[in-house]
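Read through the structure below, which is laid out as structure tokens, and then see the notes.
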Amino acid sequence: MSTAVLGRKADHKVVRGIQHITSTPLGRYQSAVIRIGFSATYLFFLLRELPHRHEMYGPDAPWRWDMAQQLISGNQSFTALMWSDSTVWFEIVYAVALVSAALLMVGWHTRAMSVLFMAGVLSLQNRSIFMGDGGDNVIHLMAIYLVLTRCGQVWSLDARRAARQERAETDGQRRPVWGNVAGPVLWVVLGLVLIVASVTDGLGGTWWLPTLLWFLWVGEGAWWAVNRFAPRSQSRILLDVVANLAHNATLVVIMAEVCLIYATAGWYKIQGSRWQDGTALYYPLKLDYFTPWPGLSDILASSGVMVMVLTYGTVIVQVAFPFTLFNRRVKNVLLVAMMLEHAGIALLLGLPFFSMAMIAADSVFLPTVFLVWLGGRVTLARGRLFPGRGKVPGPRRGEDDEEAPQHSDDGGHTLVG
């Protein structure tokens, strides 16, 4: 075979690869699981701490409002709780964080809710930075990444609404002039809040957060206008390409972030003497703070062999996982092992929200075939429990990302959705 033929084949593969990346949001099911997992984790956390919210993040917190203000002025981070020290304002911010987490979990106007979810996470965590168990750092990062993903294309109310609109157009029914009212109303309200926050320097001292928020808000308006008045134009195609590129690039960043977390955790453990001699797990099992089930912890700690196996196994799995991504079967085995490890941490050490956050992060590597199968089982179970309810739309022509119809997260009204 000549060099010219090989060159043409290589060029053809490159062109097909670029076309695939720009025309398709990859990992739609994985991004949906991340959306559901992290929003559910934070929702349950906020609900559990509802009676203690004032002591953790509010006016009764040991980390007082003036202390937080001094810290924020130094690190230039964002928190809406610094806009006012009143109890009423704190209750509003906490309520917005809680409601946005719930609505993001079910996928209602996903783009707007992802922005509010990010604002809620940053506001509460940056208000009292010493609250958390490690999972809060993961939620902090993923809340920022989620706003750039098209995480509502499956398993969401947005997907159901988009499918209904598509069926209505296919049947020749006329769409309302203003479409879904909630989308434009959210855009106007959030735009007013963004303008006021920008004018009063309430977005922190960094450049990336105002840029990101203005990009999302302007893009939201552009997408709605183009989708409403020129749905078949080149501008619509361009916006779709930008959305797909942002989604796919962010998904790669999320994967790299998870690998980095495990790689650094594993290599730091290797350097510890207790991890080297296989006794590291013994010590947290003897701490009252990390023993919600003392009897179970004592049984496990009494077995030196089990402690050693779990200690070494934890290090091996964490160090090896980034290198197993090139082998699907080995990767899936270690993925199950890591999820079981985090489930054990939640049970034995009493860190449920840390474990939920890490399992949600691990879900980005779950196979699409498994997620489609799991979604089918959930839909079947829901149909048996609620026979009169409609189904959330899924793929129609196949189970792969390439074959499924594309819907926007916000009913066709968002730039990166």
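The values are calculated or read from the model by the stated rules, or taken from the named source; none is laboratory data. Quick caveat: nothing in here was measured; it's all calculated off a predicted structure. Every residue, glycine as well, gets a Cβ built from its backbone with ideal geometry; the counts of neighbours run over all protein chains shown. For accessibility, only protein heavy atoms count, side chains too; no ligands or nucleic acids. Shrake-Rupley method; radii C 1.70, N 1.55, O 1.52, S 1.80 Å.
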Just the number please: accessible area per residue for the chain, 1.4 Å probe, all protein chains included, in Å².
52 Å²
Based solely on its DSSP helices, what 222 nm [θ] is calculated for the chain when runs of n ≥ 4 H residues each add -39,500 (n - 2.57) and the sum is averaged over all residues, nearest 500 deg cm²/dmol?
-22000 deg cm²/dmol
Leu157 and Trp63 label points (each 7 Å along its Cα→Cβ direction) are spaced in nm at 3.2 nm
Among the trypsin sites (Lys or Arg not before Pro) within the stretch 215-295, which fall in a DSSP loop and have no more than 12 other Cβ atoms within 10 Å of their own Cβ?
Arg232
Is the stretch 297-394 best put as rounded, prolate or oblate by its Cα gyration tensor, with a ≥ b ≥ c the root eigenvalues, rounded for a/c under 1.5, and otherwise prolate when a/b is larger than b/c, oblate when not?
oblate
Take Thr379 and Ile299, extend 7 Å from each Cα along the Cα→Cβ direction, and tell me the distance between the two endpoints in nm.
4.1 nm
Of the accessible area of the chain, with the probe set at 1.4 angstrom, what percent is carbon plus sulfur?
68 percent
So, how do all the Cα-to-Cα distances of the stretch 82-155 break down into 10 Å bins, in percent, from 0 on up?
19, 48, 28, 4
Mind ordering 125-137, 152-164 by average Cβ neighbours within 10 Å, highest first?
152-164, 125-137
Based on the mean of other beta carbon atoms within 10 Å per residue, what is the order of 327-339, 210-222, most packed first?
210-222, 327-339
Expressed as a whole-number percentage, the relative contact order of the chain with C-alpha contacts under 8 angstrom and at least six residues apart is 27 percent
Counting sequence-distant residues (5 or more places) and residues on other chains, those with an amide H built under 5 Å from that of Thr206 are none
GNM flexibility winner over the chain from Ala95, Ala361, Ala40 (Cα, springs under 10 Å)
Ala95
Between [x] 30.1; [y] 20.4; [z] 26.6, the structure-derived mean projected area of the Cα convex hull in nm² is [z]
Ordering 302-311, 19-28 by per-residue average of other C-beta atoms within 10 angstrom, highest first, gives 19-28, 302-311
Note the full-extension length gain between Ala168 and Gln76 as 0.36 nm times their separation in residues minus their Cα-Cα distance, in nm to one decimal.
28.3 nm
Extension gain, Met308 back to Val252 (0.36 nm per residue minus Cα-Cα distance, nm):
16.7 nm
At 18 Å minimum axial length over the Cα atoms and a Kyte-Doolittle cut of 0.5, report the qualifying DSSP H helices in the chain, or say none.
28-48, 87-106, 110-127, 182-199, 208-229, 234-270, 304-320, 328-348, 368-385
